[in-house]
Amino acid sequence: MSVDGLWIGQVAMTSLMNIAFAFAVGSALLAAWLAKDGCQTVAPARPALLRAQRALVTGAVVLVLADLGWLVYESATMSGVALPEAFGIVPSVLMQTHVGFAWSLAFGGALVLLLTSVASHEGVLRNALLWLAVIAIAAGKAALGHAADAGIASAAIGMHTLHVLVTSVWGGLALSAGLAVLPALDTSTARGVLIRTAGQVSSVSLVAVVFVLLTGAFNAARGSGGSFEAIDASTWGHVLVLKLALVALALVLGGLNRFSALPRLRRSASTVDAHTFNNVMYLEALAMLGVFVAAAVLSHSIPGFAAMG
């Protein structure tokens, strides 16, 4: 692994892809949950619904742009040329490499996600296309990572696809709720909607976390070859430990909200407790930003078992 300008660019683009995808997934869930409460123009939940919809579009746009940027950096890295020359290599990468096929799947999903996010009418078909696009993006992203070394039709690809999905649900809800949507419900007239939405965020996040830990353990064991020495003695292992520490921090913050702030909010419906829940969610979102950046570094680092030979 050579830490140079191209590597830094790849990691930056991958981080942006991870964050934008999660932000879009979380925003799509929140928009679906708020659709009924915010359908009326004067409804207290209307500002939150509009924020969720705009956040979905923003996340999809950034994802498409980050995908394009990542492809250029990857083409430069694969061909060993300078970044300006990589534009001429892109067609060959797309047509002749596994990376090109996997990227095309993820990028196609991102385009469908963008088109469905800006659709003026919602319905069963639109929602089905949106979530099929999410699955396609997750599968494409998984195939771009180290899991592809085991082959396309492998348990590693399947587990990593699931890991990308559930991480995007958990992290995406934290990002969208903490940074964009829940602050719009910080009024006394919207307190009931805040309590209901906070409960949905907490419950879905809990389920997602269980699968994140299970699939993450599988990926960590595979990347380390089942050896703690590979974790201790490799850069990949050190980054993995940092990622796990950030995950633990996010878990603690999520636990504080679920088992302390949310029960108090349900009992009192007070402004103080509403602010507490939103503030802790904001901190959890910041922790998840770190998780997604660490995941990007891991994806562009030599796995521990390979580094140890």
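Among the candidates Leu111, Leu165, Leu132, the residue that is in contact with a helix residue (DSSP H, G or I) (Cβ under 8 Å, 6 or more places away or on another chain), surrounded by 18 or more Cβ atoms within 10 Å (Cβ to Cβ) and aliphatic (A, V, I, L, M) is uniquely Leu165. Could you check how many residues of the stretch 210-266 are of a type in the set (D, E, K, R), exposed (fewer than 15 other Cβ atoms within 10 Å of the Cβ) and either modelled with pLDDT under 90 or closer than 17 Å to His300 by Cα (or both)? Residues that pass the stated criteria total 2.
Determine whether Gly145 is within 21 Å of Ser27 (Cα to Cα), open to solvent by less than 30 Å² (accessible area, probe 1.4 Å) and either touching a helix residue (DSSP H, G or I) at 6+ places or on another chain (Cβ under 8 Å) or not acidic (Asp, Glu) (or both). Here the answer is no, as Gly145 does not meet what is asked. Figure legend. Inter-residue proximity from the stretch 266-279: first residues farther than 19 Å from Ser176 by Cβ, second residues of a type in the set (Val, Ile, Thr), beta-carbon distance below 8 Å, spacing 6+ or different chains. Indicated pairs: Arg266/Ile195; Ala269/Ile195.
Between Ala66, Ala60, the distinction of being touching a Ser or Thr at 6+ places or on another chain (Cβ under 6 Å) and open to solvent by less than 20 Å² (accessible area, probe 1.4 Å) belongs to Ala60 only. Just wondering, is there one or more residues in the stretch 96-110 that are closer than 22 Å to Glu284 by Cα and under 25 Å from the mean Cα position of the chain (by Cα)? No, the stretch 96-110 contains no residue that is closer than 22 Å to Glu284 by Cα and under 25 Å from the mean Cα position of the chain (by Cα). In the set (1) among the hydrophobic types (A, V, I, L, M, F, W, C); (2) open to solvent by 10 Å² or more (accessible area, probe 1.4 Å); (3) closer than 23 Å to Leu68 by Cβ; (4) in contact (Cβ under 8 Å) with a residue 12 or more places away in the chain, Ile195 fails one condition alone, (3). Scanning the stretch 1-42 for residues that are hydroxyl-bearing (Ser, Thr, Tyr) and closer than 15 Å to Ser301 by Cβ, which turns out surrounded by the most Cβ atoms within 10 Å (Cβ to Cβ)? Only one residue tops the list, namely Thr14. Looking at Ala217, Ala180, just one residue is among the small types (Gly, Ala, Ser), assigned to a helix (DSSP H, G or I) and touching a helix residue (DSSP H, G or I) at 6+ places or on another chain (Cβ under 6 Å), and that residue is Ala180. Against the list (1) assigned to a helix (DSSP H, G or I); (2) open to solvent by less than 50 Å² (accessible area, probe 1.4 Å), the condition Thr77 fails is (2).
The values are calculated or read from the model by the stated rules, or taken from the named source; none is laboratory data. Every value quoted in this text rests on a predicted model; they were computed, and no experiment measured them. Positions of Cβ are generated from backbone atoms using ideal geometry, with glycine treated the same way; all protein chains shown enter the neighbour counts. With ligands, DNA and RNA removed, areas are computed over all heavy atoms of the protein, side chains included. Shrake-Rupley method; radii C 1.70, N 1.55, O 1.52, S 1.80 Å.
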